[in-house]
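The values are calculated or read from the model by the stated rules, or taken from the named source; none is laboratory data. Because the structure is a prediction, the values reported are computed rather than measured. Methodologically, a virtual Cβ is constructed for each residue, glycine included, from the backbone with ideal geometry; neighbour enumeration extends over all protein chains shown. Just the protein is used for accessible areas: all its heavy atoms, side chains included, with ligands, DNA and RNA removed. Shrake-Rupley method; radii C 1.70, N 1.55, O 1.52, S 1.80 Å.
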Amino acid sequence: MAIERTFTIIKPGVLQRRLIGEIISRFETKGFRILGMKTMRIPLVVAEKHYAEHIGKSFYDSLLTYMTSDPAVVLVLERENAVESLRKLAGSTNPDNAEPGTIRGDFGVTTKINIIHASDSLESAVKEIDIFFDRNEIIIYSDSLKEWY
Ligand code: CMP
């Protein structure tokens, strides 16, 4: 399978709950390599760009209020089949439907406060990485563990 990059936001509240290490540990143990990572309070214009496809939906305004309410951690992750693998690791959007063992199934609260965002396609990943990261913030390095994953 092809090596892909995907994008994730560990959403507001997770830093407050001291769960960042737990979530990132799940990425690492599943074989994702971290190419970029930063903590940020997401500016409203960035949240609007990221969630443009949801304009007009009933939850749009409250989603933007929540996503800009407190710091988040954003990451660029790489591995084989990264987009689909991360979606599986994340679990269903509504944490009530997410399987135990998935990030949302284990830590999710509501559909809005669902712990992480994970790109839904390679095209979205490229677009979203570009929204949140400058090129020089993505670090390419050789993978000394690649034969084990
Ligand atoms: P995310 O993967 O970040 O992509 C869009 C987000 O919108 C989704 O996770 C949820 O946080 C949020 N969302 C989707 N549907 C609803 C809903 N019905 N009510 C509230 N928030 C929603």
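For Ala52, state whether it is within 13 Å of the ligand (Cβ to nearest atom) and open to solvent by 20 Å² or more (accessible area, probe 1.4 Å). When the stated conditions are applied, Ala52 passes them. The sole residue among Thr102, Thr110, Thr65 that is near the ligand (Cβ under 9 Å from one of its atoms) and polar (S, T, N, Q) is Thr110. Of the residues making up the range 58-66, not a single one is open to solvent by 50 Å² or more (accessible area, probe 1.4 Å) and within 22 Å of Glu4 (Cβ to Cβ). Taking the conditions exactly as written (within 16 Å of the ligand (Cβ to nearest atom), surrounded by fewer than 13 Cβ atoms within 10 Å (Cβ to Cβ), under 25 Å from Tyr149 (Cα atoms) and modelled with pLDDT of 95 or more), does Glu123 satisfy them or not? For Glu123, the condition - within 16 Å of the ligand (Cβ to nearest atom), surrounded by fewer than 13 Cβ atoms within 10 Å (Cβ to Cβ), under 25 Å from Tyr149 (Cα atoms) and modelled with pLDDT of 95 or more - is met. Looking across the range 43-79 at every residue that is within 22 Å of Leu89 (Cβ to Cβ) and β-branched (Val, Ile, Thr), the one that is nearest to the chain's Cα centre (by Cα) is identified as Val74. Being open to solvent by less than 90 Å² (accessible area, probe 1.4 Å) and either within 12 Å of the ligand (Cβ to nearest atom) or without any contact (Cβ under 8 Å) to a residue 40 or more places away in the chain (or both) is not true of Asp134. The residue that is surrounded by the most Cβ atoms within 10 Å (Cβ to Cβ), counting only those in the range 1-39 that are without any contact (Cβ under 8 Å) to a residue 60 or more places away in the chain and under 13 Å from the mean Cα position of the chain (by Cα), is Phe32.
Among the residues of the range 1-16, those identified as more than 16 Å from the ligand (Cβ to nearest atom) and not small (Gly, Ala, Ser) are Met1, Ile3, Glu4, Arg5, Leu15, Gln16. Here Ser144 meets the list (1) more than 13 Å from the ligand (Cβ to nearest atom); (2) of a type in the set (Gly, Ala, Ser); (3) at pLDDT 95 or above almost entirely, failing just condition (3).
Checked against (1) within 11 Å of the ligand (Cβ to nearest atom); (2) without any contact (Cβ under 8 Å) to a residue 60 or more places away in the chain, Pro71 passes all but a single condition, namely (1).
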